[in-house]
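The values are calculated or read from the model by the stated rules, or taken from the named source; none is laboratory data. Please read these numbers as outputs of a predicted model, since none were measured by experiment. Here Cβ is always computed from backbone atoms with ideal geometry, including for glycine, and neighbour counts include all displayed protein chains.
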Amino acid sequence: MKLDDCFRKGLLKRIPPDMENARRSIELSMSNIEDADENLRIHRYRVVIVSSYTAMFHAARALLFKDGIKERSHECVPKYLKEKYKDMGMYANVLDTYRRFRHSAIYGLDVVLDEDEARTALNSAKEFLNIVESII
């Protein structure tokens with residue numbers, strides 16, 4: 001699916017820019033990073049992966065709210081970032097990778113995660129949030 005398809009299908013919608021919701025999304029991102037940190041300490045690696053992805057997703061939503069875009073599809077968010085924020089291409093790819101990884105972690109029956117994978121996800125989320133905060 002392409003970005004134009006996301007808008008045409010209503011998976012992304014134009015709304016008035018909303019810095020209040022952008023700020024709230026940043027706060028949610030920070031909260032999810034804290035959750036991931038705590039769960040890493042108690043070896044809950046699946047929760048770390050899910051919380052790290054959620055942190056990245058909310059950070060990305062902050063940019064969308066700033067730009068006046070509402071998402072209705074996790075799949076379309078990285079597509080929007082790649083098009084609108086060319087310098088974030090690599091980070092959009094990371095977001096999309098963890099989107100799929102999160103799906104496997106939640107629904108997969110044979111997914112085994114280790115500390116290195118969890119730590120990498122958490123570090124990616126922290127870096128992603130820092131980049132978004134520098135833009136906002």
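Structure summary
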{"item": "His74, sole failed condition from (1) of a type outside the set (Ser, Thr, Tyr); (2) outside any helix (DSSP H, G or I); (3) touching a strand residue (DSSP E or B) at 6+ places or on another chain (Cβ under 6 Å)", "result": "(3)"}
{"item": "Scan of segment 1-11 for residues that are more than 18 Å from the chain's Cα centre (by Cα) and not in a helix (DSSP H, G or I), ordered by number", "result": "Met1, Lys2, Lys9, Gly10"}
{"item": "Which numbered condition Arg41 fails, given (1) more than 26 Å from Asp110 (Cβ to Cβ); (2) surrounded by fewer than 14 Cβ atoms within 10 Å (Cβ to Cβ)", "result": "(1)"}
{"item": "Whichever residue in segment 33-84 is small (Gly, Ala, Ser) and under 24 Å from Lys9 (Cα atoms) and, among such residues, is farthest from the chain's Cα centre (by Cα)", "result": "Gly68"}
{"item": "Residues of segment 87-127 that turn out to be at pLDDT 80 or above, exposed (fewer than 14 other Cβ atoms within 10 Å of the Cβ) and either touching a helix residue (DSSP H, G or I) at 6+ places or on another chain (Cβ under 6 Å) or over 17 Å from Phe57 (Cβ atoms) (or both), as a count", "result": "5"}
{"item": "Of all residues in segment 12-30 being among the charged types (D, E, K, R) and either at pLDDT below 95 or outside any loop (DSSP other than H, G, I, E, B) (or both), the one that is surrounded by the fewest Cβ atoms within 10 Å (Cβ to Cβ)", "result": "Glu20"}
{"item": "Long-range neighbours under 6 Å by Cβ, at least six apart or interchain, first residue under 29 Å from Lys70 (Cβ atoms) within segment 19-46, second hydroxyl-bearing (Ser, Thr, Tyr) and surrounded by 18 or more Cβ atoms within 10 Å (Cβ to Cβ)", "result": "Asn32/Ser51; Asn32/Thr54; Asp35/Ser51; Ala36/Ser51; Ala36/Ser52"}
{"item": "Criterion violated by Asp110 - all others in (1) charged (D, E, K, R); (2) in a loop (DSSP other than H, G, I, E, B); (3) touching a Pro at 6+ places or on another chain (Cβ under 6 Å) satisfied", "result": "(3)"}
{"item": "Filter result for Asp18 (in contact with a Phe, Trp or Tyr (Cβ under 9 Å, 6 or more places away or on another chain) and over 20 Å from Asn123 (Cα atoms))", "result": "yes"}
{"item": "Residues of segment 49-67 classified as at pLDDT 95 or above and over 16 Å from Val132 (Cβ atoms), total", "result": "1"}
{"item": "Residue in segment 49-70 that is touching a strand residue (DSSP E or B) at 6+ places or on another chain (Cβ under 9 Å), free of Cβ contacts under 8 Å to residues at least 60 places away in the same chain, surrounded by fewer than 22 Cβ atoms within 10 Å (Cβ to Cβ) and of a type in the set (Lys, Arg) present", "result": "yes"}
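Conditions (1) of a type in the set (Lys, Arg); (2) within 16 Å of Tyr91 (Cβ to Cβ); (3) in contact with a helix residue (DSSP H, G or I) (Cβ under 6 Å, 6 or more places away or on another chain), marked per residue:
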{"position": "Glu34", "(1), (2), (3)": "no, no, no"}
{"position": "Ser51", "(1), (2), (3)": "no, no, yes"}
{"position": "Thr54", "(1), (2), (3)": "no, yes, yes"}
{"position": "Phe65", "(1), (2), (3)": "no, no, yes"}
{"position": "Arg72", "(1), (2), (3)": "yes, no, no"}
{"position": "Pro78", "(1), (2), (3)": "no, yes, yes"}
